[in-house]
Amino acid sequence: MKRTRGSLMGAAILACCVARAGAQAPSSEAPAYTYRATVYFDWFGVAFAQEGESLNQVGTRLKFELAKSPSRSWTLLLDVRGRRNLAERSSNQVLLYNARVTYDPPSGPFYFSAGQMNLYDTAGIGQLLGSIVGWKPRPDLLLGGYAGLEQQVYARRLDAKYLKYGAFARFTGPKALSFALSFNELRYSGRSERRYVYAQGFVPVKRTFYLFANAEIELGGKVKPADRLSRLFLNARAELSRRADITGFYSSGRGLDFHGYILERSQDPGLPDRGLERFFYSEQYGGRLSFKPVKGIRLYVSRMESRQKDRDIRNHTWRFGASATDVLGRGLTAYGD
């Protein structure tokens, strides 16, 4: 059995958030459009003691949302990051998470979205350059379909040979309760490359316990029975008190847990990567204890076990971190890990 060891040099992220009303309007009227912009500056470093390898990156991220007021029926979302590796002979990386226009009137049955997007909340298929059309038979249920190209989050030359399409159903209940089920197909050069069913659910219990889970089941004819369940992700969080909470997680599947990665980034961009090594077939599990000594300050410690199944490479990781939000009342947020 081979064991890989690494020492984390450090990570820090600063964020500045600005919100403004957009279009001009008389003082007695609400503005026709409102916008919200957030800018993140980050540095990330890691060194692997055994291999002598290291990584040193700096980056900037912009999140911008423009919405029509007061109903927010039309929204424009832009989420882009620039990253540079400080090593010699390195180049810039541009990551385009979202560049989409959405029409979703609160009182109307029709839903439409087009552009570069990530469908973790509906179909769980990762990145898509295309469009979604949906219909709401009732306010809490969305039925729809999507189609487009397989565009990676790293902005580079488009490969028109990859095509994604599928159908989905999403239920949204009270207190953030949600369930989604989708059928998805990925085709390359006119031939089916992957066909699978995706399911996810988020269940809050009395604002003290939260459970999130998703799974992918392969439908292809050449898939072995043992590999039908190709992805399983579980995350449970319990609020111990107003100042402390504990989180447990489990992930098993092939390659990068892209769904979990994007989900965490969208909710808390300051969190660094949990999995520094992307295994072909991996398993991860662990827990995190978080404590808030005062308002706006959070400290945490986590323990994670991971395994590359095909080669039985194991990693044992302790992680310590802290964050401060709205520093000095100026809208600045800092993270360290």
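What follows is calculated from the coordinates using simple rules that are stated; it is not laboratory data. Everything numeric in this text was worked out from a predicted model, so none of it was measured. All Cβ positions, glycine included, derive from the backbone under ideal geometry; neighbour counts span all protein chains shown.
Between Ala334 and Ala114, the modelled label-to-label distance comes to 4.6 nm, taking each label 7 Å out from Cα in the direction of the beta carbon. In the neighborhood of Gln116, defined by Cβ-to-Cβ distances under 10 Å, what is the net charge if each Lys or Arg adds +1 and each Asp or Glu adds -1? Here the charged neighbours net out to 0. Site pair Ala167 and Thr60 shows an inter-label distance of 4.6 nm when each label is modelled 7 Å from Cα along Cα→Cβ. Taking 7 Å steps out from each Cα toward its Cβ at Leu219 and Leu289 produces label points 4.5 nm apart.
Report the local net charge at Gly130: Lys and Arg +1, Asp and Glu -1, summed over other residues whose C-beta lies under 15 Å from its C-beta. Walk me through the numbers on the way to the answer.
Numbers: positive: Arg100, Lys161, Lys164, Arg187; negative: Glu150, Asp159, Glu185.
The answer is +1.
For Lys136, the lysines whose Cα comes closer than 25 Å to its Cα, not counting residues fewer than 8 places off in the same chain, are Lys68, Lys164, Lys175.
By how many nm would the segment from Ala199 to Ala322 grow when fully extended, if each residue of separation counts as 0.36 nm and the alpha-carbon distance is taken off? Please report the intermediate quantities before stating the final value.
Details: separation 123, 0.36 × 123 = 44.28 nm, distance 3.30 nm.
That pair, Ala199 and Ala322, stretches by 41.0 nm at full extension.
Neighbours of Arg237, meaning other residues whose beta-carbon lies under 10 angstrom from its beta-carbon, give a summed charge of -1 when Lys and Arg score +1 and Asp and Glu score -1.
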